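Below: the structure, in structure tokens.
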Ligand code: SF4
Ligand code: SF4
């Protein structure tokens, strides 16, 4: 749905009534949920406000300037505004479209924004790291699933230790793509939808050709991209699930088991936006945690669909660093208020963002590592 003067699109865009309900938790106006609005306090930075900026573009009142780019990119694309909006205003579409319009005019929020997109355009990935040399490959006709690592997990072999322990304990026959391509999500979020389609078409072809009936994505950003956004790019044949859903299934089928005794540990759960709001599959995280002996789960006040973003979505760490700093500290503070020993999450972006913000004050543990450490 690109920004255009198309009547239906414009009509839809004008459904926002500036009620500001998208800035707070539903029926809890005292609890902010939009990090962008919470940080700067102006309506322009909310989901509805960004829709208004898009209206200004259609009316010729907003020019493609650095100021407009800073408003459009001052946002983690956490989906809280779309989830909370009473009339169901699809803010994410307009924010992405606004970014695409600015980028089409050569306007970027900062040098990092430009560099990330240039890497994607010229190299086809974010060039954060090379795929680890995994020794997973089973014979192709025996593979039960293909693991899609995503760019964050390609950064280091050690980030995969917990996942690999679970794979081996379950006796699962899984494989990975050689030179795994980018899922395309960064292009969509950074403002180049045509590049997204090109990357997605290539990745769909690679994934379909791999012959697996199922894809297990390690990063929820990849999961929601493959499930939701690939509908615009082509037909992806295999079923797509997130790692946490696979872990829940392995536990349920008895392919992995948990030690009956383990160290007592109190944890809170940070719900990843892409798993919980974009896909509405976040409850699986609680189902897994509730099965761990010795583990006490204490919910953060803003949790589930009302969770406050970790601040790391949409590459804010590089593209809107002040927003990242504000939101990640806010989230760590809120988690620490529960008095827990550790925070669990299931997204490598949340993991990176919250680990940096938490430092030595609060340990952040990936769900897969927690489960791998408690296997019987
Ligand atoms: S986006 Fe929805 S919740 Fe936000 S101001 Fe507009 S109508 Fe209200
Ligand atoms: S996506 Fe998140 S950060 Fe962006 S405007 Fe909506 S609620 Fe705010």
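For residue 51, the stated conditions do not hold, so it cannot be described as modelled with pLDDT under 95 and more than 12 Å from ligand 2 (Cβ to nearest atom). Among residues that are outside the structural domain of residue 247 (by TED's automatic domain parsing) and closer than 30 Å to residue 110 by Cα, residue 318 is included.
When 21, 54 are screened for being closer than 19 Å to residue 109 by Cα and within 14 Å of ligand 1 (Cβ to nearest atom), only 54 passes. With respect to the conditions (1) more than 16 Å from ligand 1 (Cβ to nearest atom); (2) modelled with pLDDT of 95 or more; (3) assigned by TED's automatic domain parsing to the domain that holds residue 26, residue 80 falls short on a single one, namely (1).
With 302, 281, 331, 325 as the choices, which residue is in contact (Cβ under 8 Å) with a residue 12 or more places away in the chain and buried (at least 24 other Cβ atoms within 10 Å of the Cβ)?
That would be 331, the only listed residue that is in contact (Cβ under 8 Å) with a residue 12 or more places away in the chain and buried (at least 24 other Cβ atoms within 10 Å of the Cβ).
Of the helices (runs of 4 or more DSSP H) lying entirely inside segment 198-291, those containing at least 2 residues that are within 27 Å of residue 120 (Cα to Cα), away from ligand 2 (no atom under 16 Å from the Cβ) and not assigned by TED's automatic domain parsing to the domain that holds residue 364 span 220-227.
Name every residue in segment 166-180 that is closer than 10 Å to residue 143 by Cβ and in a loop (DSSP other than H, G, I, E, B), in order of residue number. Passing the criteria: 172, 173.
A count restricted to segment 236-250 and to residues that are surrounded by fewer than 19 Cβ atoms within 10 Å (Cβ to Cβ) and out of contact with any helix residue (DSSP H, G or I) (no Cβ under 7 Å at 6 or more places or on another chain) stands at 2. The set of residues in segment 15-48 being without any contact (Cβ under 8 Å) to a residue 24 or more places away in the chain, surrounded by fewer than 23 Cβ atoms within 10 Å (Cβ to Cβ) and under 25 Å from residue 101 (Cα atoms) consists of 41, 42.
The values are calculated or read from the model by the stated rules, or taken from the named source; none is laboratory data. It should be emphasised that the depicted structure is a prediction, and the values quoted were computed from it without experimental measurement. Glycine also receives a Cβ, built like all others from the backbone with ideal geometry; neighbour counts cover every protein chain displayed.
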